[in-house]
Amino acid sequence: MSKHDASPGSSPDLDLRARMAPELPPRMLKHIDRVVAIADELARAHGLDVARARLMAQGHDLVRAVPPEELLRRAEARGLEIDPVERDEPVILHGPIGALELAERFDVTDAEVLFAIRWHTPGHPDYTPEAWAMFIADKVDPHKVERWPALAEVRDLAAESLERAALRYLDLRVEEATMDVALLPDDDARQEDAPREDEAAASCA
């Protein structure tokens, strides 16, 4: 999964953690640690590739703390196509940029891992079960559940079915976006497009 030599008794995700840590704020590192632990638990419960799920979780927020303007700069420097939603909400780019930098700077070579990280904000229909385990683990970090208790339902569903949990999460995001538009003043609401799921996803990236 990574061509970088791991320390004796280490694993790819722990090796990656050691290399990422100097670049991450302490709060982000703690979030990632929680996501890795949850992804591990889900992968074991569902008989998945635990090592791969852990590596996905470890790498998913490599550049989440990078300022929005810097994410845009990095995306433009790589010639990435940036759609209007991503330009308005550059945080969405932390998945694509993170996947590229994991390959470029951290020697992560597993295509499934990089794909999972690339799409971890909105999810992707081509996700493997390990990728969905990482995706759900990120969304049900206990700190996020504390801020938005509705996520407890996603957490509970994940014990039975990763697919049902992911679908429920996406439904919750659409419901939230629809409610936000419904609460706008009438003049503003008429000027709004239909709720955009990518925008909703960005707020819980």
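What follows draws every value from the coordinates through simple rules; no lab data is involved. Fair warning: this is a prediction, and the values are worked out from it, not measured in the lab. Heads up, the Cβs are rebuilt from the backbone with ideal geometry, glycines too, and the neighbour counts pull from every protein chain shown.
Each Lys and Arg adds +1 at its Cβ and each Asp and Glu adds -1 at its Cβ; summed about the Cα centre, the range 12-202 shows a dipole of about 800 debye. The gain in end-to-end length when the THR178 to ARG87 segment is fully stretched comes to 30.6 nm, 0.36 nm per residue minus the alpha carbon separation.
Just check the range 12-202 against the gyration tensor rule for me: Cα atoms, a ≥ b ≥ c as the square roots of the eigenvalues, rounded for a/c under 1.5, and otherwise prolate or oblate depending on whether a/b exceeds b/c. Oblate, since a/c reaches 1.5 and b/c is not below a/b. Computed from label points 7 Å out along Cα-Cβ, the spacing between GLU163 and ARG27 is 3.8 nm. Under 15 Å from the Cβ of ALA158, count the other residues' Cβ atoms, weight Lys and Arg +1, Asp and Glu -1, and hand me the total. Neighbour charge sum, excluding ALA158 itself: -3. Shape verdict for the range 47-133, please, from the Cα gyration tensor: rounded (a/c under 1.5), prolate (a/b greater than b/c) or oblate. The shape class here is prolate.
Distance from the C-alpha centroid of the range 83-108 to that of the range 40-73: 12 Å, rounded to the whole angstrom.
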